[in-house]
Amino acid sequence: MPKYVIERAIPNIGAVSAGDLQAISQKSCGVLRDMGPEVQWVHSYVTGDKIYCVYNATSEELVREHARLGGFPADSVARVVTTIDPTTAEV
């Protein structure tokens with residue numbers, strides 16, 4: 001299944017409480033349950049003013065539909081074409 005990186009601009013998200021992050025996560029998981037297995041949330045990175053999410057999905061449209069149904073911004077959705085890491089540098 002293709003992997004996507006989603007950028008969500010949310011001012012001051014890095015300062016919200018653990019309870020608020022839990023509520024956001026619960027909302028996301030509820031929407032995903034209703035949508036079925038064709039879209040899956042892997043994990044997210046929370047920074048000061050943005051959340052970067054990694055999803056597996058059969059299409060970009062499903063990722064955007066999840067955002068719409070959940071009321072989350074999806075400022076950028078990019079399909080991952082490959083990954084690199086320090087082992088990529090090895091001969």
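Read-outs throughout are calculated quantities, based only on the coordinates presented, and are distinct from any laboratory measurement. These numbers come from a predicted model, not from an experiment. With ideal geometry, Cβ positions are generated from the backbone for all residues, glycine too; neighbour counts draw on all protein chains shown.
Only helices enter this figure: runs of n ≥ 4 DSSP H residues, each worth -39500 (n - 2.57), summed and divided by the residues of the chain, yield -10500 deg cm²/dmol at 222 nm to the nearest 500. The H on the amide N of Ile10, modeled in the peptide plane, is under 5 Å from the matching H of Lys50, Ile51, each at least 5 residues off or on a different chain.
List Thr58, Thr87, Thr47 from most exposed to least, where exposure is judged by having the fewest other Cβ atoms within 10 Å.
Working: Thr58 14, Thr87 6, Thr47 10.
With the sparsest Cβ surroundings first, the list reads Thr87, Thr47, Thr58.
Counting Lys and Arg as +1 and Asp and Glu as -1 over every other residue whose Cβ lies under 13 Å from the Cβ of Pro2, the net charge comes to -1. A Cα-only calculation for the chain places Rg and Dmax at 14.2, 46 Å. When peptides 27-40, 59-72, 9-22 are ranked by their average number of other Cβ atoms within 10 Å per residue, the highest-first order is 59-72, 27-40, 9-22. Helix 60-70 against the longest principal axis of the chain: what's the angle in degrees, Cα atoms only, rounded to the nearest 10? Rounded to the nearest ten degrees, it is 20.
Quick check for me: using +1 on Lys/Arg Cβ and -1 on Asp/Glu Cβ, what's the dipole size of segment 3-86 about its Cα centre, in debye to the nearest 20? Spell out each step's value before the answer.
Values: 8 positive and 10 negative charges, 16 e Å.
That gives a dipole near 80 debye.
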